[in-house]
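*Asks:* Sending over a structure as structure tokens; questions will come in a sec.
Just so you know, all these numbers are worked out from the coordinates, no wet-lab data involved. It should be emphasised that the depicted structure is a prediction, and the values quoted were computed from it without experimental measurement. Cβ atoms come from the backbone with ideal geometry, glycine included; neighbour counts cover every protein chain shown.
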Amino acid sequence: SREIHLKRRPVGTPVGEDFATVVIDVPPPDPGEVQVRNLWMAVDPAMRGRMSDAKSYVPPFALDAPMEGPAIGEVIGSNDPAFAPGDLVFSRLGWREIFNAPASALRHRDRSALPAQAWLCFAGMPGLTAYAGLMRIARLKAGDVVFVSAASGAVGSIACQIARNIGCTVIGSAGGPEKTAFLRDVLKVDAAIDYKAEPNLTKALAREVKAMGASGIDVYFENVGGDHLQAALSLANDFARFAVCGMISQYNVTDAPVVPRNLTMIMTKRIRMEGFIALDHMDLEAEMVERMTGWNAAGQMASAETVYEGIGQALDGLSGLFTGANIGRTLVRLGTE
Ligand code: NDP
């Protein structure tokens, strides 16, 4: 079995020498342990943070040990009564093909209702993030005009589809013509903005709002910050709700940000702007999975994934997150069912 270790902490963009592929023999599971063969793992931007030893809300990856991340696997051996061969399980033990883990590190997942990888996508944390942000924080209702930034990403692509399914009008923004085509053709949004091609994002959003005969936006699902937030404030209707999920354009900013310049509009328009962390809303998980399963069965939840084949491509998947190469959730297929 192969696993990928962090050899040294990357400086800037990670390079191949920062990692090692290690071949190991996995012994039979000890009492209380389960042996799992991973089928899928996800990679996300937060993993880059864990490669550095800066203090954060999750500890850094250890050196000379396999990295971690969300994964879906199949039980192939069990020394614990709660798990049997053939069970589908979720763990945080990605970056390895076969592993033994204590039963407490695994969660059962239903393999009859959804494709296995959906548990890492719309029925997993990206799904919960989009669902909690829209339903609880933004109190979404049918008829709302909803603006989603980073709309082709893992969370954004699900947010667009939830809003569409609830009966909202959806405007998404993403970088490049391929991503805006994906927003229109696959996610079926009402309007898509290529922010990289627009010299003035506020004007572009105003143009799309006008073209649909709306007065402004009622809900903003914020992933990006900066000029995206400025545009959303400018086009917000009175009493608009802004769910702040992330501000990715600001994470690497070293100078003081120059936008948004129009924060006063939060008061003049009586906007309610609220940040949230998906982990605080785990109580919504069962409800979210039920609704996602229903939408999926009705053909109303397109999978939005970029798939890399095999553990040998896992690092390519990770670098694709930073070059803009990936659409939707980035997955690595580690084994076949
Ligand atoms: P994504 O799959 O959305 O990947 C990041 C996306 O951000 C890329 O698709 C890229 O899209 C876009 N992006 C990167 N830099 C910029 C920029 N300067 N301006 C505009 N867009 C940019 O990742 P996730 O779905 O995992 O995360 C989306 C957001 O949600 C992030 O802000 C993240 O921090 C946040 N998040 C928050 C959680 C919470 O609990 N609050 C949980 C998970 C994620 P493009 O190619 O179109 O530029």
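*Asks:* Fewest Cβ neighbours within 10 Å first, please rank Phe276, Phe122 accordingly.
*Replies:* Sorted ascending by nearby Cβ count, the order is Phe276, Phe122.
*Asks:* Kirkwood hydrodynamic radius, computed over distinct alpha-carbon pairs, for region 30-104: how many Å, to one decimal?
*Replies:* In region 30-104 this quantity evaluates to 13.2 Å.
*Asks:* Checking the cross-link filter: which lysines have an alpha carbon closer than 16 Å to that of Lys196, excluding same-chain neighbours under 8 positions apart?
*Replies:* Lys179
*Asks:* Just add up the charged neighbours of Arg96: K/R +1, D/E -1, any other residue whose Cβ is under 15 Å from the Cβ of Arg96.
*Replies:* -3
*Asks:* Working out 0.36 nm times the residue gap between Thr336 and Ser56, then minus their Cα-Cα distance, what length gain in nm do you get to one decimal?
*Replies:* 97.3 nm
*Asks:* Same structure, new question: In straight Cα distance, which lysines are under 23 Å from Lys7, not counting same-chain residues fewer than 8 positions off?
*Replies:* Result set, ordered by chain and number: Lys55.
*Asks:* Return the long-range amide H neighbours of Leu39 (sequence gap of 5 or more, or a different chain), with a cut-off of under 5 Å between placed amide H atoms.
*Replies:* Distant-sequence amide H within range of Leu39: Ile72, Gly73, Glu74.
*Asks:* Here's something else I'd like to know. Please report, in whole Å³, the volume per residue of the convex hull around the C-alpha atoms of the chain.
*Replies:* Cα convex hull per residue, to the nearest whole number: 137 Å³.
*Asks:* Let me ask you something else. Please arrange Cys168, Cys245 by how many other C-beta atoms lie within 10 Å of their C-beta, fewest to most.
*Replies:* Ascending Cβ contact count within 10 Å gives the list Cys168, Cys245.
*Asks:* Same structure again: Under a GNM of the chain (C-alpha, springs under 10 Å), which listed residue has the highest mean-square fluctuation: Met51, Met267, Met125?
*Replies:* The residue with the greatest mean-square fluctuation here is Met267.
*Asks:* Applying the Karplus parametrisation 6.51 cos²θ - 1.76 cosθ + 1.60 with θ = phi - 60° to the phi angles of region 26-38, what ³J(HN,Hα) value in whole Hz is obtained for each residue in order, glycine and proline being reported as x?
*Replies:* Running phi through 6.51 cos²θ - 1.76 cosθ + 1.60 with θ = phi - 60° gives 9, x, x, x, 6, x, x, 10, 10, 9, 10, 9, 5 Hz.
*Asks:* Another question about this same structure. Go ahead and estimate [θ] at 222 nm for the chain from helices alone: -39,500 (n - 2.57) per DSSP H run with n ≥ 4, summed, over the residue count, rounded to 500.
*Replies:* That comes out to -7000 deg cm²/dmol.
*Asks:* Counting other beta carbons within 10 Å of each Cβ, put Val11, Val36, Val189, Val307 in order, fewest first.
*Replies:* Fewest-to-most Cβ neighbours within 10 Å comes out as Val11, Val307, Val189, Val36.
*Asks:* Can you check what the net charge comes to around Lys7, using other residues whose Cβ is under 13 Å from the Cβ of Lys7 (Lys, Arg +1; Asp, Glu -1)?
*Replies:* So the surrounding residues net to -2.
*Asks:* How would region 228-337 be classified by its alpha-carbon gyration tensor: rounded, prolate or oblate, with rounded meaning a/c under 1.5 and the a/b versus b/c comparison settling the rest?
*Replies:* It is oblate, given that a/c is not under 1.5 and a/b is not larger than b/c.
*Asks:* Okay, moving on. Taking all pairs of different Cα atoms in region 120-213, averaging 1/r and flipping that mean, what Kirkwood radius in angstroms comes out?
*Replies:* 13.2
*Asks:* How far apart, in nm, are the 7 Å Cα→Cβ label points at Asp316 and Arg48?
*Replies:* In this crude label model, Asp316 to Arg48 measures out at 1.9 nm.
*Asks:* To continue, here is another question. Tell me which lysines have Cα within less than 22 Å of Lys269's Cα, excluding those fewer than 8 residues away on the same chain?
*Replies:* In chain and number order, the partners are Lys141, Lys203, Lys210.
*Asks:* Report for region 125-280 the percent antiparallel among DSSP-assigned beta bridges with both residues inside it, nearest 5.
*Replies:* 0
*Asks:* Here's a follow-up. Among rounded, prolate and oblate, which fits region 125-280 when a ≥ b ≥ c are the square roots of the eigenvalues of its C-alpha gyration tensor, a/c under 1.5 means rounded, and a/b larger than b/c means prolate?
*Replies:* rounded
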